[in-house]
1. What is the extension gain from Glu175 to Lys113, computed as 0.36 nm multiplied by their sequence separation minus the C-alpha to C-alpha distance, in nm to one decimal?
2. Given charges of +1 on the Cβ of Lys and Arg and -1 on the Cβ of Asp and Glu, with all other atoms neutral, how large is the dipole of region 1-56 about its Cα centre, in debye to the nearest 20?
3. From the phi angles alone, apply the Karplus equation (6.51, -1.76, 1.60; θ = phi - 60°) to region 109-114 and give each ³J(HN,Hα) in whole Hz, x where the residue is Gly or Pro.
4. Name the most mobile residue of Ala49, Ala193, Ala225, meaning the one with the largest mean-square fluctuation, in a Gaussian network model of the chain with Cα contacts below 10 Å.
5. Could you check the simple spin-label distance between Glu221 and Tyr30, using points 7 Å along Cα→Cβ, in nm with one decimal?
6. Per the Kirkwood treatment, what hydrodynamic radius in Å, one decimal, follows for region 2-94 from the mean inverse distance over all distinct Cα pairs?
7. State, as an integer percentage, the relative contact order of region 109-236 based on alpha-carbon contacts under 8 Å between residues 6 or more apart.
8. Taking Cα centroids, how far is region 39-63 from region 194-237 in Å?
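Since every read-out is calculated from the coordinates, none of them should be taken as a lab result. Being a predicted model, the structure only gives us computed values, none of them experimental. We place every Cβ from the backbone using ideal geometry, glycine too, and count neighbours over all the protein chains shown.
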Amino acid sequence: KMISLSVGAQLIGTYKPAEQRKAYEQYRSYFADKDSLTREDLSLAAMVARRLEQQEDVTLAKQAYREFGRIFENAGGPVARFAETFEASARRLDLLGNEMRVSGKTMAGKPFKLSDLKGKVVLVDFWATWCGPCIAEYPNMLKNYERFHDQGFEIVGVSLDEDRDAVENFVERKEVPWTILHDKEHPGESEAASEYGISAIPAMFLVNREGKVVSLHARGEELTAQLEKLFGKSETPDDQ
């Protein structure tokens, strides 16, 4: 039965909205009615919620994260401690249209708060040097930074590396022109990553001048499109 449930979880994102809700409610009942919940159940619930999160409307995904979290918390046992991860993921989806809290220490050891950049458009990028897709995003980030920085675009990279040398070497080799947060005393840790349930990277959020999150997936073409919406279609460096 777990195999068919797992296949269904992978396919839930392809269903029409009404079918998605019906399927979600079946999963919710399945977890709620079980005498004891296992790590396999935990993985299955996370898969369902993640597939729903990939939809344009994330309302059902938020509901899934919150209700699954409550079910696992009430179940007790080893799985109960993961309930907060589900709630944190719901908080991440709640960010759209709201302010995001990010703080930490820069590479130079200076305290930083995202609210200090109010009035700027900011890309908040959770990344690591060991993350291939994160590094693959770098050229596009740099291209957009060079194009829009003079108009008020900033990037804050929150490194989740445990290896300080790896971060320093990358920043130096690439001559990264934007702020990188990495705490020497607590490498690999980030309060914001914990608060917003960020377990997969890159996780890239775009914040407007008012400090409100306008995109939860500001990667690739989506980043450029969002910036053009906020700044207008100025000439790119290649056009000049």
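1. Roughly 20.1 nm would be gained on extension.
2. On the way: 9 positive and 8 negative charges, 19 e Å.
Approximately 100 debye in magnitude.
3. Result, ordered by residue: x, 8, x, 9, 10, 4 Hz.
4. So, out of Ala49, Ala193, Ala225, the one fluctuating most is Ala225.
5. With each label point 7 Å from Cα toward Cβ, the separation is 3.4 nm.
6. When all Cα pairs of region 2-94 are included, the Kirkwood radius is 13.0 Å.
7. 33
8. Spelled out, the Cα-based centre of one part sits 22 Å from the other.
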